[in-house]
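The block underneath contains the structure these notes are about, expressed in structure tokens.
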Amino acid sequence: MLTVGDTLPSSTLRTMGSQGPETLESQSFFAHKRVVLFGVPGAFTPGCTRHHLPGYAELYPRFQALNIDLIACVANNDVFVMDNWAEHHQVKGKILMLSDDGTWRDTLNMRIDLSAAGLGIRIRRFAAILDNNIIQYIGVETGKDIQLSAAETLLAFLEKTPS
């Protein structure tokens with residue numbers, strides 16, 4: 001599992017661009033940026049939709065005020081679902097939606113089996129603060145609560161940590 005001080009592993013992810021699906025290489029894309037990255041088990045699932053994503057959307061201006069260059073969300077949904085989720089919550093231009101085919105999830109050691117809920121293998125709920133790909137904060141949830149990866153938790157960390 002990743003810890004503070006680790007370099008974020010690289011992977012190819014997908015996002016929706018103006019001309020359709022695009023790929024990006026995570027390490028070069030996040031280079032030279034302060035990034036809030038959060039992972040969710042699934043777009044449109046209850047906890048992710050009602051609590052996790054809305055917190056980041058609501059606090060977006062405060063993250064910007066603390067010199068965060070980018071807020072990104074990653075899930076094991078396809079790029080079309082992630083784009084639709086962003087549109088549904090009106091976060092396009094605020095939160096970059098990233099689709100992972102499971103490769104990055106496994107590299108990050110963030111695999112969780114949600115087959116009992118009908119979701120299969122997904123990415124574990126987590127959040128991280130990156131500075132030039134170096135992890136400054138990481139919170140990985142182990143249960144159903146959204147505490148360590150909540151927007152409010154990351155904002156509080158940033159407010160007491162110099163930029």
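Read-outs throughout are calculated quantities, based only on the coordinates presented, and are distinct from any laboratory measurement. Computed from a predicted structure; not experimentally measured. When we count neighbours, we look across all protein chains shown, and the Cβ atoms used for this are built from the backbone with ideal geometry, even at glycine.
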Histogram of C-alpha separations across region 82-158, 5 Å bin width, %: 3, 13, 17, 24, 26, 14, 3, 0
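Mind giving me the FRET efficiency for Gln19 and Asn84? R0 is 22 Å, r the Cβ-Cβ distance, nearest 0.05 is fine. Let's see the in-between values first.
Values: r = 17 Å, r/R0 = 0.78.
It comes to 0.80.
Work out, step by step, the length gained on full extension between Thr153 and Leu114: first 0.36 nm times the residue separation, then minus their alpha carbon distance; give nm to one decimal. Don't skip to the end; give the middle numbers.
Numbers: separation 39, 0.36 × 39 = 14.04 nm, distance 2.48 nm.
Taking Thr153 through Leu114 to full extension adds about 11.6 nm, to one decimal.
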Of Val140, Val36, Val74, the one that fluctuates the most in a GNM where the chain has Cα springs shorter than 10 Å: Val140
